[in-house]
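Notes for the one structure printed next.
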Amino acid sequence: MDSVKTPTALQQTIRNRRSVKKGYNDKPVTEETVKELLEDAIWAPTHGVRQPWRFIFIGPEQKENFADKVAATYPEDRQEDRRQYFREPNAFLIVVMDEPDSQKQWDENFGATACMIQNFWLLAWERKLGVVWKTNRHIYDPTVKEILDVGEDEKIVGFLHLGYFDEKPIKKARIPVEDKFSRFKG
């Protein structure tokens, strides 16, 4: 007879976490809060304990200037739309990764950085701090890298849009594991 297993707090956080793309309230996202979350998030698995990440925080005070500068990298007919887009979140956390020459180390660095971002996301969710990981075309733009003082041997992994929320986004179903699972037949 199967008994119904009560999900742990961690399981519930993992399953309930959503991308919060809009609907942020006016509560400011502080640098202190982001640093607190990062203190735990950086305990992600990382090959050789390289910890290949660094962070750039754009708070409410810098947001307008930041929005103007990044929007200016877009074609003129899209700049106002992009300016508004960058004004929606309350803050940004730009995640930058070291880009080694070795493909193996590059893959390891990206995997570690993605794990760290997921840790940050889950920790933020517990505080009702919404996060969405954006990889729009501007993360590849050399001018944006220059604006953010990102080195030639570094990659912008993403812009994390941050903001507190009152309403949770709709939960979307996942494809069952059984549909994605196979066994080695060797």
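Taking the Cα centre of the chain as origin and charging only Cβ (+1 Lys, Arg; -1 Asp, Glu), how large is the dipole, in debye to the nearest 20? Walk me through the numbers before you get to the answer.
Numbers: 30 positive and 31 negative charges, 232 e Å.
For this selection, approximately 1120 debye.
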**OP:** Within segment 31-49, find all residues whose amide N lies under 14 Å from a label point positioned 7 Å from the Cα of F55 along Cα-to-beta-carbon.
**Re:** 31-44
Original post:
So between Y140 and E88, what do we pick up on full extension, going 0.36 nm a residue minus the alpha carbon distance?
Top reply: 16.6 nm
Original post:
Summing -39500 (n - 2.57) over the DSSP H runs of n ≥ 4 in the chain and dividing by its residue number, what mean residue ellipticity at 222 nm do you reach, to the nearest 500 deg cm²/dmol?
Top reply: -11000 deg cm²/dmol
Subject >> Point-to-point label distance, D26-R78, nm (Cα→Cβ direction, 7 Å offset) >> reply: 3.3 nm
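Can you give the relative contact order of the chain as a percent, counting alpha carbon pairs under 8 Å and 6+ residues apart?
Values: 269 pairs, mean separation 61.0, N = 186.
Across the chain, relative contact order equals 33 percent.
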Original post:
Measuring with a 1.4 Å probe in the full set of protein chains, what accessible area per residue, in whole Å², belongs to the chain?
Top reply: 64 Å²
**OP:** Compare E80, E32, E64 in a GNM of the chain, Cα atoms joined below 10 Å, and give the one with the largest fluctuation.
**Re:** E32
**OP:** Could you estimate the translational diffusion coefficient of segment 23-180 from the Stokes-Einstein equation, with Rh from the Kirkwood formula over C-alpha pairs, at 10 °C and 1.306 mPa s, in whole µm²/s?
**Re:** 95 µm²/s
Original post:
How high is the FRET efficiency between Q62 and C115 when r is their beta carbon distance and R₀ equals 35 Å, given to the nearest 0.05?
Top reply: 0.80
Original post:
W43 versus Q12, label points 7 Å from Cα toward the beta carbon: distance in nm?
Top reply: 2.0 nm
Original post:
So what does V132 come to for accessible area, using a 1.4 Å probe and Å² rounded to 10?
Top reply: 10 Å²
Subject >> Paramagnetic label zone (point 7 Å from Cα along Cα-to-C-beta, K5; backbone N under 15 Å) in segment 167-186 >> reply: 177-178
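Full extension from T33 to K128: what is 0.36 nm times the residue separation minus their Cα-Cα distance, to one decimal in nm?
Numbers: separation 95, 0.36 × 95 = 34.20 nm, distance 1.19 nm.
Extra length from T33 to K128 when fully extended: 33.0 nm.
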Subject >> Euclidean distance between Cα centres, segment 103-164 to segment 1-40, Å >> reply: 17 Å
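With a sphere of radius 15 Å drawn around the Cβ of N109, what net charge do the other residues whose Cβ falls strictly inside it have (Lys, Arg +1; Asp, Glu -1)?
Details: positive: R50, R54, K104, K155; negative: D98, E99, D101, D107, E108, D153, E154.
That sum, taken over residues with Cβ under 15 Å, equals -3.
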Original post:
So how do S182, S102 rank on accessible area, 1.4 Å probe, biggest first, that is with the largest at the start?
Top reply: S182, S102
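The values are calculated or read from the model by the stated rules, or taken from the named source; none is laboratory data. Keep in mind it's a predicted model, so treat the numbers as computed, not measured. Please note: Cβ atoms are built from the backbone with ideal geometry, for glycine as well, and neighbour counts cover all protein chains shown. To get the accessible areas, we keep the full protein, side chains included, count just its heavy atoms, and leave off ligands, DNA and RNA. Shrake-Rupley method; radii C 1.70, N 1.55, O 1.52, S 1.80 Å.
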